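Peer 1: I'd like to ask some things about the structure below.
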Amino acid sequence: MYTNNKEDSLNFAKYKVGNSFLELVEGDITMQDTDAIVNAANKRLAPGGGVAGAIHRAAGPKLWEECKTLGGCETGEAKITKGYNLKAKYVIHTVGPVYSGSPEDPVNLEKCYKNSLELASKNNIKTIAFPSISTGAFGYPIKEASEIAIKAIASYLKDHPEIEVVRMVLYGRSDWEVYKETADSILS
Ligand code: AR6
């Protein structure tokens, strides 16, 4: 059963895309009750700082045990594990680009969203929560990143009604406001 965790979030917005919904919430990715949450991972899929550290702490040590068997992950690619102690049944790990200002950056960031959503479809995942990939330690400017994220998600949802909800979970009010402004201009 899907609930939207409104009690965990300070800000909330919802958009219809095709037959699905894109939600923007201010909150903590580890608290989400979606079928899957996405990890902003490193290439080793190791516990690190930021989102990855928080997800590994909340999921427990078995998550790292499973990650070690996967042979790492390239930038823009995605791999799936169980969610262990998380509310979410699955974690989809994707490695965002380290921002360099090169033309490859947006291509790789878009691939993170698309490949994660494809993996969700293949695993019968209907609801999925993303953090803002690459906009922390990897330094991607958040306005540019929000445009890539919203466009990639909307384009996928238009052709994939099997995904019912994509929830972007933004850490802090100012990040939420950037995504809200972007979604308002792209989706309405
Ligand atoms: N819930 C939601 N969003 C969060 C949370 C949280 N609990 N914690 C931080 N954020 P980052 P990256 C936001 O650095 O830039 C790691 O060490 C944060 O404010 O987690 O893709 C990995 O091991 C920012 O906007 O991911 C990699 O080495 C966004 O999530 C590297 O960092 C992403 O921040 C990946 O860097």
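Any read-out appearing in this document is the output of simple, stated calculations on the displayed coordinates, not a laboratory observation. Since this is a predicted model, take the numbers as computed values, not measurements. Methodologically, a virtual Cβ is constructed for each residue, glycine included, from the backbone with ideal geometry; neighbour enumeration extends over all protein chains shown.
Peer 1: Please compare each pair in LYS14/LYS89; LYS68/LYS151; LYS16/LYS68 to a cut-off of 29 Å on the Cα-Cα distance and tell me which ones are over it. Kindly include the intermediate steps, with their values, before the conclusion.
Peer 2: On the way: LYS14/LYS89 23 Å; LYS68/LYS151 32 Å; LYS16/LYS68 38 Å.
Beyond 29 Å between Cα atoms: LYS68/LYS151; LYS16/LYS68.
Peer 1: Under a plain spin-label model, where a point goes 7 Å from the Cα along Cα-to-Cβ, how far apart in nm are SER100 and LYS43?
Peer 2: 1.0
Peer 1: Given the rule -39500 (n - 2.57) for each run of at least 4 DSSP H residues, summed and divided by the residues of the chain, what is its mean residue ellipticity at 222 nm, to the nearest 500 deg cm²/dmol? Working shown, then result.
Peer 2: Details: 5 runs with 70 residues, N = 188.
Calculated at 222 nm, the ellipticity per residue is -12000 deg cm²/dmol.
Peer 1: Per residue, what volume in Å³ does the convex hull of the Cα atoms of the chain enclose? The partial results should precede the final answer.
Peer 2: Numbers: hull volume 19.1 nm³, N = 188.
Dividing the Cα hull volume of the chain by its residue count gives 102 Å³.
Peer 1: Positive end of the dipole of segment 65-188, charges at C-beta (+1 Lys, Arg; -1 Asp, Glu), about the Cα centre: which of LEU109, THR127, VAL169 has its Cα farthest in that direction?
Peer 2: Projecting each Cα onto the dipole axis, the largest value belongs to THR127.
Peer 1: Where a Cα-Cα gap under 13 Å defines reach, which aspartates and glutamates qualify for LYS43, not counting those fewer than 8 residues away within the same chain?
Peer 2: Cross-link targets: GLU74, GLU77.
Peer 1: Only Lys, Arg, Asp and Glu count, each charged at its Cβ (+1, +1, -1, -1), so figure out the dipole size of the chain about its Cα centre, rounded to 20 debye.
Peer 2: Numbers: 22 positive and 24 negative charges, 97 e Å.
Computed charge dipole of the chain: roughly 460 debye.
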